[in-house]
Amino acid sequence: MKTLLIGESREGRLLNATYELFGASEKLKSEPILFLAGTEAGLPSYAGTLYLADAKKYGEYNPDLHKNMILQVVEKENPDYVVFLHSSYGRDLAPRIAASLRIGQVSEVVDIVDGTFELTCCNARMHRSVRVSTPRAVVTIQPGAFSPIRPGGTPLIQAMQTDALSSIEFAGYEPAGPEQIDLGKAGIIISAGRGIGTKENTALIWNLARILGGEVGASRPVVDAGWIEHSRQIGSTGQTVSPELYIACGISGAIQHLAGIKNSGYIVAINKDRDAPIGEIADALVVADVTQFLPALTERVTKP
Amino acid sequence: MKLLVCIKQIPDMESQFKPDESGSWFEESGLVYRMNEYDDYAVEQAVLLKEQLGGEPDLTVLSIGPDRVVEIIKKALAIGCDRGVHIHDPAVAHKDPWQIASLIANFAKEQHYDLIFTGMQSQDRGSAQVGVMAAEQLGYASATTLVGFTYHEGLITGLCELEGGLKGIVKLRTPALVTCQSGLNTPRYPALPNILKAKKKEIRTIPASDLSRAAALTATTRIFKPEKKGSGIILEGDTSTLADRVINLIRENTTLLR
């Protein structure tokens, strides 16, 4: 069996998550080969064949050109699996490859057991086992679900080329705004989730943060609703944090949020639902309504 | 100009899910259904574009599923879509993304839409495949996970959400398909007069079997509640006792509150 792994680089640097693809390849009991749109300055530690698309020429993101080059590698190597990260890049590109090859795709895979893929669904409240009916498959893996493997060594580079036309122009990156608040160094973070209920209730979060000397964070739905500013969003599309104490208030625990808080020292989660996925990562899950529990906790902190 | 927005009806994600008799999908009875969150943003963006162009574009909303999906088609019509298409398919939950994309593409092929909007994924299955696969089948340019969208004379400029707060700027020309991320805009609530007006708008029903008989490329063999792996403790009881216990835990496990 052979897997074609699709690595990623961002702004000239290899993404470390690329090594998780090697972990998935091992679970598939396959020989890995690698495709990467990157530069020679950011090569992976891996001794096999690297099909390298020069990111200076073809961009770090260009679905049409990258698709064309990946299909060239597929034609030449005939891999059993084409494996992507379930990242912005992989989510975008994987279905294009699957559709071009008319082969099945499994998305956001968290485990592989005897060739059957395990996927999450319904906000991680359920899992599905999925089999692919075609002889080959496209797979995207959930970031963090597979242990990274650093094969070591220097890759044998095969430079890729294409003169395909692109229907989409990548005009560069727009950086995070200057108003960005850096939560990365905060020692205490009190974070609000949808379970807080209303914008007014976020006062409970601000109040506790002030008394504890911490920062306020938020999950995506709270930011989208405009209850707390965008620059305080925590998770894979926001900031990654590592406070000594993280208090998650009414956050159900979507995987994107968990990815941003997993390096926290001690996690207290407050949630009405004892089955909420945040329980998978919390050191203590308080089964309660945040709007009732937070005033009680704040009072205890002020008047011990 | 012709616009299409594709929407899905999904159960409330806070529901208690359990496997149904087939063992490969969840029990649907007793669940409360609503529009997929990302599709709210897709509908809003399509209506905003129609408004930007002085109301000229003809905007169709499409949904696939059993009878109940008509509810969200009606909601989209009340928000500002002109006509609805219901691809009737009681077994849609057992179709794979390729089959669902084939239904959309085969319907859209005849209609020559300039621009198609979808959500970036569904909240229940979350494959993030259907929109892009439909675009590939139609030969349309596509961009995904948009948190910014502008349109000027056939040119779309999109902001694609990447990781860590970074965004990618992309430009593409119609005909095209874009998938919408939450935060792209502020979805409106349908106003009462528009809900009444929407009742007069046409909803065309097409049996799924008339559009596509594509075979599935993947199959769900089992759906199940994942085993709990968390090693944390669970605290229950009255609020003031819980507050005391949490403070003690923070003292024991951190350097804080001492």
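Data table
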{"read-out": "Unit charges on C-beta of K, R, D, E only; dipole of the stretch A:2-159, Debye", "value": "240 debye"}
{"read-out": "Cubic angstrom per residue, convex hull over Cα atoms of the stretch A:188-302", "value": "85 Å³"}
{"read-out": "Theoretical ellipticity at 222 nm over chain A - DSSP helices of four or more residues, -39500 (n - 2.57) apiece, nearest 500", "value": "-7500 deg cm²/dmol"}
{"read-out": "Pairs of alpha carbons in the protein assembly as shown whose separation is greater than 34 Å (percent)", "value": "41 percent"}
{"read-out": "Zone residues, the stretch B:78-106, relative to residue B:196, backbone N less than 16 Å from point 7 Å out along Cα-to-Cβ", "value": "B:78-79"}
{"read-out": "R0 of 45 Å, Cβ-Cβ distance residue B:153-residue B:206: FRET efficiency to nearest 0.05", "value": "0.90"}
{"read-out": "Relative contact order (%) - criterion: Cα under 8 Å, at least six apart; region: the stretch B:2-211", "value": "26 percent"}
{"read-out": "Degrees between helix A:18-27 axis and first principal axis of chain A (Cα, 0 to 90, nearest 10)", "value": "70 degrees"}
{"read-out": "Angle between chain B longest axis and helix B:239-253 axis [Cα atoms, degrees, rounded to 10]", "value": "80 degrees"}
{"read-out": "At R0 = 25 Å, FRET efficiency that the Cβ-Cβ distance of residue B:18 and residue B:219 yields, to 0.05", "value": "0.75"}
{"read-out": "Whole-Hz couplings from phi, Karplus 6.51/-1.76/1.60, listed for the stretch A:105-115; x for Gly and Pro", "value": "10, 10, 10, 6, 6, 10, 7, 10, 10, 6, x"}
{"read-out": "Cα→Cβ-extended label distance, 7 Å offset, between residue A:275 and residue B:169, nm", "value": "4.7 nm"}
{"read-out": "Two-decimal log10 I(q)/I(0) for chain A, as the Debye equation yields it once each C-alpha is a single scatterer, q = 0.14, 0.16 Å⁻¹", "value": "-1.05, -1.21"}
{"read-out": "Degrees, to the nearest 10: A:290-302 long Cα axis against longest axis of chain A", "value": "60 degrees"}
{"read-out": "Long-range HN-HN contacts of residue B:20 with modeled amide H, under 5 Å", "value": "B:25, B:26, B:27"}
{"read-out": "Intensity falloff of chain B expressed as log10 I(q)/I(0), Debye formula with alpha-carbon point scatterers, at q = 0.07, 0.12, 0.14, 0.17 Å⁻¹", "value": "-0.31, -0.76, -0.95, -1.30"}
{"read-out": "Normalised contact order of chain A, rounded percent, pairs of Cα under 8 Å and 6 or more residues apart", "value": "15 percent"}
{"read-out": "For the stretch B:1-115, fraction of C-alpha pairs farther apart than 20 Å, in %", "value": "45 percent"}
{"read-out": "Candidates B:40, B:210, B:244: whichever shows maximal mean-square fluctuation once chain B is modelled as a Gaussian network with Cα springs under 10 Å", "value": "B:244"}
{"read-out": "Using distinct alpha-carbon pairs, which all enter the 1/r mean, Kirkwood radius of the stretch A:2-159 in Å", "value": "15.4 Å"}
{"read-out": "Within a Gaussian network of chain A (alpha carbon springs, distance under 10 Å), most fluctuating of A:103, A:261, A:211", "value": "A:211"}
{"read-out": "Where the Cα pairs of the stretch B:145-240 fall when distances are cut into 5 Å bins, in %", "value": "2, 7, 9, 8, 8, 13, 18, 15, 9, 5, 5, 2, 0"}
{"read-out": "As computed over the stretch B:53-151, the Cα convex hull volume per residue (Å³)", "value": "116 Å³"}
{"read-out": "Average Cα contact separation per residue, the stretch A:1-123, under 8 Å, 6 or more apart, as relative contact order %", "value": "26 percent"}
{"read-out": "Vicinal HN-Hα couplings computed from phi for the stretch A:130-147 (Karplus, 6.51 cos²θ - 1.76 cosθ + 1.60; Hz; Gly/Pro x)", "value": "10, 10, 9, 8, 8, x, 10, 8, 9, 10, 10, 9, 5, x, x, 7, 10, 5"}
{"read-out": "Low-density loop cleavage sites - trypsin sites (Lys or Arg not before Pro) in the stretch A:1-72, where at most 12 other Cβ are within 10 Å (DSSP)", "value": "A:29"}
{"read-out": "Residue A:34 long-range amide H proximity, modeled H, under 5 Å", "value": "A:5, A:49, A:51"}
{"read-out": "Volume per residue that the Cα convex hull of the stretch A:71-166 spans, once the total is divided by residue count, Å³", "value": "142 Å³"}
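Here, each number is a calculation from the coordinates, and none is a lab measurement. From a predicted model like this one, the values you see are computed outputs, not experimental measurements. Cβ atoms come from the backbone with ideal geometry, glycine included; neighbour counts cover every protein chain shown.
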